[in-house]
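Sharing a structure below in structure tokens format, with a few things to ask.
The values are calculated or read from the model by the stated rules, or taken from the named source; none is laboratory data. Everything numeric in this text was worked out from a predicted model, so none of it was measured. Backbone-built Cβ (ideal geometry, glycine too); neighbour counts: all protein chains shown. Accessible surface is based on the protein model in full, side chains and every heavy atom, while ligands, DNA and RNA are left aside. Shrake-Rupley method; radii C 1.70, N 1.55, O 1.52, S 1.80 Å.
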Amino acid sequence: MAAPFIIPNEKARALVLARTGLSDARANSSAAAVAPLIRKLGYVQLDPIRVVERAHHHILFARNSAYRPKQLERLQAKEPPLFFENWTHDSSLIPVEFYPWWQHRFRATRKRIARWRERFCDDRILKAVRAHVTEHGAVRARDLLHLGGRTGPWWGWGPAKAALEFLWRSGELAVIQRRGFEKIYDLAECSIPANLRERKVTQRDTIEWACDEALQRLGAATPKMLADFWDHASIAEAKAWIAAEKKRGRLLDVVLRGAAGHRDFAAIARPDIAAQIAALPARPARLRALSPFDPLLRDRSRAERIFGFAYRIEVYVPHHKRKHGYYVFPLLEGDRLVGRIDIKAEREQDRLLVKGLWMEEGLSLGKQRRAKLEQELARQARFAGVRDIVFPNSAIKTG
């Protein structure tokens, strides 16, 4: 048996950056650049919190500093649609051509959340919501308050909202755009092109597609990484796919060197991994603030193994137990995660406020790094549409 191919840590970092679209930081003001970027990533996670901008906008901005939210909003209004919204590991914006691969997920979700639906929304409400959308077309939850308002115990949802979510999560309804951050629900048959809705794929097809597409976006991966990427397959199913691909000679065993203080770990890659690594672009020099939901950090374990960066979002951590802050942005400099920053766009004061900055152990905010950080803060301020930047010395923390 051949020895596994060794991927040095520096190359592992470069591979992750390339696969997550962070190697090329060139600005492209064309809205046409947005859809290819989302396809490259596979999906973009959505989140309602708007500290500087919402997560999906921030993810795209980190890869293209000329990006602005209106570009995506215009693309989402196109017909036929370019994207649909549903779940991967969380609610995400997904290229519409991937829709057939969600068929089995819709069926599984319908069974999995049936009891939840029965708890928050009875059959009468479900039928009434379905009939309303069929008769009147696209709706927001607020349009159905007459069928059951915000009386439910889960996130303030009422029965009508719960019915909409159930029908959406199980594929009967689709969401292809939002207004503000409110979902606009419509019948899938009125939203998704027929050729995508009617394409028949098997569960095996779905697992093969999911694992192959995940590996394209990861470069090298463990079975768990493949399973978790779209959340379409179990670890056992990912292992079975790996075994079948190895028999065909289409996979190679590799070992990724861990960051300092972290163990190496075994993974698999395509047989041309050496050529892929040889062709990796030079690391970008600039410093960037990443969304807590950035694809680089979506797998916290992988980020810690390869970059030596332990990250936890503290939104749901009680204030007195937070180590850093409510919504802290990791800082990527070149090919290393060098710190984290707590920034907030205070639009009423027309300013971007730096509330806290923590450099990783052994690193400092020297003159050159501070200049890079100030350039990034200026970009973030423009992105948020505020004029001033407030960066007090007291914001620089230790520990």
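Can you find a residue that is farther than 23 Å from S65 by Cβ and either over 20 Å from the mean Cα position of the chain (by Cα) or in a helix (DSSP H, G or I) (or both) anywhere in the range 381-393?
Residues of the range 381-393 that are farther than 23 Å from S65 by Cβ, as a first pass: 392-393.
Restricting the remaining residues to those that are either over 20 Å from the mean Cα position of the chain (by Cα) or in a helix (DSSP H, G or I) (or both) gives 392-393.
Within the range 381-393 (the criterion being farther than 23 Å from S65 by Cβ and either over 20 Å from the mean Cα position of the chain (by Cα) or in a helix (DSSP H, G or I) (or both)), the answer is yes, since at least one residue qualifies.
Give the residue that is most open to solvent (accessible area, probe 1.4 Å), with candidates limited to residues of the range 95-106 that are within 29 Å of A33 (Cα to Cα) and assigned to a helix (DSSP H, G or I).
Just the residues of the range 95-106 that are within 29 Å of A33 (Cα to Cα), to begin with: 95-103.
Now restrict to residues that are assigned to a helix (DSSP H, G or I): 96-103.
Working: V96: 12, E97: 68, F98: 21, Y99: 14, P100: 0, W101: 26, W102: 0, Q103: 24 Å².
Filtering the range 95-106 for residues that are within 29 Å of A33 (Cα to Cα) and assigned to a helix (DSSP H, G or I), the one most open to solvent (accessible area, probe 1.4 Å) comes out as E97.
Could you look through the range 160-179, keep only residues that are of a type in the set (G, A, S) and within 25 Å of R74 (Cα to Cα), and pick out the one that is surrounded by the most Cβ atoms within 10 Å (Cβ to Cβ)? Can you show your working first?
Going through the range 160-179, the residues of a type in the set (G, A, S) turn out to be 160, 162-163, 170-171, 174.
In the following step, the residues that additionally are within 25 Å of R74 (Cα to Cα) were identified as 171, 174.
Details: G171: 20, A174: 24.
Among those that are of a type in the set (G, A, S) and within 25 Å of R74 (Cα to Cα), it is A174.
Give the residue, chosen from P100, P95, that is at negative phi, at pLDDT 95 or above and in contact with a strand residue (DSSP E or B) (Cβ under 7 Å, 6 or more places away or on another chain). Steps first, please.
Working: P100 fails: in contact with a strand residue (DSSP E or B) (Cβ under 7 Å, 6 or more places away or on another chain).
P95 is the lone residue from the list that is at negative phi, at pLDDT 95 or above and in contact with a strand residue (DSSP E or B) (Cβ under 7 Å, 6 or more places away or on another chain).
Open to solvent by less than 10 Å² (accessible area, probe 1.4 Å), β-branched (V, I, T) and farther than 22 Å from D205 by Cα: does that describe I38?
On the way: open to solvent by less than 10 Å² (accessible area, probe 1.4 Å): yes; β-branched (V, I, T): yes; farther than 22 Å from D205 by Cα: yes.
It is true that I38 is open to solvent by less than 10 Å² (accessible area, probe 1.4 Å), β-branched (V, I, T) and farther than 22 Å from D205 by Cα.
Residues being in contact with a Gly (Cβ under 9 Å, 6 or more places away or on another chain) and more than 24 Å from G219 (Cα to Cα): count how many of those fall in the range 274-322.
1
Can you run down the residue pairs with Cβ atoms below 9 Å, 6 or more apart or on separate chains, where the first is in the range 228-250 and farther than 21 Å from L296 by Cα and of a type in the set (S, T, N, Q) and the partner is modelled with pLDDT under 95 and open to solvent by less than 30 Å² (accessible area, probe 1.4 Å)?
The qualifying pairs do not exist here.
Also, I was wondering about something else. When the range 112-123 is examined, which residues are found to be in a helix (DSSP H, G or I) and under 15 Å from W87 (Cβ atoms)?
Residues of the range 112-123 in a helix (DSSP H, G or I): 112, 114-120, 123.
Listed by number, the residues that qualify are R112, W116.
Search the range 1-39 for residues being of a type outside the set (G, A, S) and free of Cβ contacts under 8 Å to residues at least 24 places away in the same chain, and hand back the single one that is nearest to L251 (Cα to Cα). Please lay out each step first, then the result.
If we filter the range 1-39 for residues that are of a type outside the set (G, A, S), which is where we start, we get 1, 4-11, 13, 15-17, 19-20, 22, 24, 26, 28, 34, 36-39.
If we keep only those that are free of Cβ contacts under 8 Å to residues at least 24 places away in the same chain as well, we get 1, 36.
Working: M1: 14, P36: 27 Å.
Per the stated criteria, the residue is M1.
For the range 167-185, which residues satisfy the criterion of being more than 22 Å from the chain's Cα centre (by Cα) and assigned to a helix (DSSP H, G or I)?
Of everything in the range 167-185, just one residue is more than 22 Å from the chain's Cα centre (by Cα) and assigned to a helix (DSSP H, G or I), namely L167.
A follow-up question, please. Looking at T109, T88, which one is within 12 Å of the chain's Cα centre (by Cα) and either open to solvent by 40 Å² or more (accessible area, probe 1.4 Å) or under 23 Å from R199 (Cβ atoms) (or both)?
Answer to the check: T88.
When residues of the range 222-277 are filtered for being under 25 Å from the mean Cα position of the chain (by Cα), open to solvent by less than 50 Å² (accessible area, probe 1.4 Å), acidic (D, E) and more than 27 Å from F309 (Cα to Cα), how many remain?
0
A quick yes/no check of all residues on (1) closer than 24 Å to F307 by Cβ; (2) aromatic (F, W, Y); (3) open to solvent by less than 30 Å² (accessible area, probe 1.4 Å):
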{"residue": "L357", "(1), (2), (3)": "yes, no, yes"}
{"residue": "L365", "(1), (2), (3)": "yes, no, no"}
{"residue": "E376", "(1), (2), (3)": "yes, no, yes"}
{"residue": "A381", "(1), (2), (3)": "no, no, yes"}
{"residue": "G385", "(1), (2), (3)": "no, no, no"}
{"residue": "N393", "(1), (2), (3)": "no, no, no"}
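Please indicate, with yes or no, whether at least one residue in the range 182-189 is under 29 Å from F293 (Cα atoms), hydroxyl-bearing (S, T, Y) and exposed (fewer than 15 other Cβ atoms within 10 Å of the Cβ).
No, the conditions are met nowhere in the range 182-189.
Mind listing whichever residues of the range 326-347 are open to solvent by less than 10 Å² (accessible area, probe 1.4 Å), part of a loop (DSSP other than H, G, I, E, B) and of a type outside the set (A, V, I, L, M)?
Across the range 326-347, the qualifying residues are Y327, G334, D335.
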